[in-house]
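Coordinate-derived values only; no laboratory data. The structure displayed is predicted, hence computed values, not measured ones. Every residue, glycine among them, receives a Cβ derived from its backbone with ideal geometry; neighbour counts consider all protein chains shown.
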Amino acid sequence: MLSFGEMVKEMIRAVFIAAGFFLSLETIAQTASPTKARMPVLTPINDPALAGMSVQRIERLDKALETMIREQKLPGLVALVARRGKIVLHKAYGLADAPANRSLHKDDIFRIASMTKAITATAVMMLYEEGGFSLDDPIAKWIPAFKNPQVLKAFSPADSSYTSRPASREITIRHLLTHTSGIGYGMIDGDERVKKIYKKAGIIELYSTDPVTTEDNIKRLAALPLHHDPGEKFTYGMGLDVLGYFIEILSKQSFPDFLASRLFQPLGMKDTYFYLPDDKAGRLVKIHLPVKAGTWSTDPDEGYDEDYPIKGARSNCSGGAGLSSTAIDYAIFLQMLLNDGVYNGKRFLSRPTVSLLTRSNQIGDLWGGEEGRDHFSLAFSVLNKKGSELGIGSEGRFSWGGYFNTNYWVDPKEQIVAVLMKQTRGLPEDPSEAVFTRLVYQSIDD
């Protein structure tokens, strides 16, 4: 005798068969639920009201960005705002090369530096979903040079020599994703001792055209002492660079090939590279340094090569800082995450994995502290309840930025993707990110 539930299933099946639909109950259930094809794909619109945004207030945002350029607070910028998959603002302001008076275009290419980290972390989690490793596996399982890590103990300024002690535990993949491995950041490190140790060892952490391979760079890094025991503190460092090399080992592809075949090409990110093709080099925005009010220089400051990413050996692909991209390309990547791992009918990550990547608190109070306004997931700073009450976004908003003054954030509650691309260093004051964020939120109309 059939149970009540089985009787209901048979009745449903009979109705569909009578109607000529020979579908299984599983197919019926799948069709009735949200599908991948219904997830938003970024689409420009002329009327912001179609995305629940005020036309007049988007105009206010537009005028505020124009004013920043007119007042010479920045040489140029590209802003992109999308809500519910609809692009309500995508515009270039100012100059791509101030000394040459070259106008900036919205498809120009920016060095996104640490905005690379989110892409690398996403690639790691794509491989994680294939079941080949646990986040708490030691990285030494794949890169033996990291076995038995050491922690910095004493340092001699005279010759940058040092002593160390054994670390209390091995470095895990989770440590590398969350900047809790103890690995430092050389030139931009907060500890002068580590800066000197990394420089002496020839570590490349920022844009360089030197003939150093990713493998060589990471193996040199593995031999150096840590700031602290893994898992003990948040120390911004080269963990994602290590994971870029890890991706090569696990996937048996070069890091650029993996990203191109598994992320960039399927997503339609047409202008995102470690090293630009020759026919796109002319779209690279210059890095600007302030000289005096209203005057900008494009001469590099210490620490990076201005010819990256258009010249040089093209052999080191930094998972922490190496990519260049456009506002629209990066917005597509963020929209995929906002869509819980789906874009243009393709699934890149599962919903639970995206939540782990973008929303979870992986390191407790190590980022932000007990009274902080945000926490750290596997790739992002994530706004908490206290942060949302300060008026800077909804709880759960995730964000990061880049060394050359590029910024982005995603608000899952409001379904907003916001990208602000600039190329500057050494500005004593830059209000653009705060003003941009505030004026995006004031534009919400429903």
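Annotations
- Protection proxy ranking, peptides 210-223, 116-129, average beta carbon neighbours within 10 Å, highest first: 116-129, 210-223
- HN-Hα J in Hz across the stretch 106-111 - Karplus 6.51, -1.76, 1.60, θ = phi - 60°, x for Gly and Pro: 5, 9, 5, 9, 10, 6
- Restricting the trypsin sites (Lys or Arg not before Pro) of the stretch 361-446 to loop positions (DSSP other than H, G, I, E, B) with no more than 13 neighbouring Cβ atoms within 10 Å leaves 413.
- For residue 102, the residues 5 or more places off, or on other chains, whose built amide H falls under 5 Å of its own are 96, 97.
- Here the 3J(HN,Hα) profile of the stretch 366-373, calculated from phi with Karplus coefficients 6.51, -1.76 and 1.60 at θ = phi - 60°, is 5, 10, x, x, 4, 9, x, 9 Hz, Gly and Pro shown as x.
- Annotation note: trypsin sites (Lys or Arg not before Pro) in the stretch 229-277 located in DSSP loop regions with a Cβ neighbour count of at most 16 within 10 Å are 233, 252, 270.
- Largest first, the extents of the alpha carbon coordinates of the chain on the three principal axes equal 87, 55, 47 Å.
- Peptides 234-245, 82-93, 358-369 ranked from most to least packed give 234-245, 82-93, 358-369, packing being the mean of other C-beta atoms within 10 angstrom over each peptide's residues.
- Interchain or long-range residues, amide H under 5 Å from residue 87's placed H: 43, 45
- Between 235, 217, 144, the Cα set farthest toward the positive side of the dipole of the stretch 133-253 (charges on each charged residue's Cβ, about the Cα centre) is that of 144.
- Cα-centre dipole for the chain with unit charges at Cβ (Lys and Arg positive, Asp and Glu negative), debye to 20: 340
- Entry note, the chain: the mean residue ellipticity at 222 nm calculated from DSSP H runs of n ≥ 4, each adding -39500 (n - 2.57), is -8500 deg cm²/dmol after division by the residues and rounding to the nearest 500.
- Distant-in-sequence amide H partners of residue 151 (H built 1.01 Å from N, under 5 Å): 165, 167, 226
- Total formal charge among the other residues, if their Cβ is under 12 angstrom from that of residue 128, Lys/Arg +1 and Asp/Glu -1: -3
- Prolate/oblate/rounded call for the stretch 155-260, Cα gyration tensor, a/c under 1.5 rounded: oblate
- Per-residue HN-Hα couplings for the stretch 408-421 [Karplus 6.51, -1.76, 1.60; θ = phi - 60°; Hz; x = Gly/Pro]: 7, 7, 10, 10, x, 5, 8, 6, 10, 10, 10, 10, 10, 9
- Cα-based shape type of the stretch 40-191, given that a ≥ b ≥ c are square roots of the gyration tensor eigenvalues and the cut on a/c is 1.5: oblate
- The stretch between residue 107 and residue 191 holds 26.5 nm of extra length on full extension. This uses 0.36 nm per residue minus the Cα-Cα distance.
- Tensor-based shape of the stretch 197-242 (alpha-carbon gyration tensor, a/c under 1.5 rounded, otherwise prolate or oblate): prolate
- Virtual spin-label span in nm between residue 425 and residue 153, 7 Å along Cα→Cβ: 3.7
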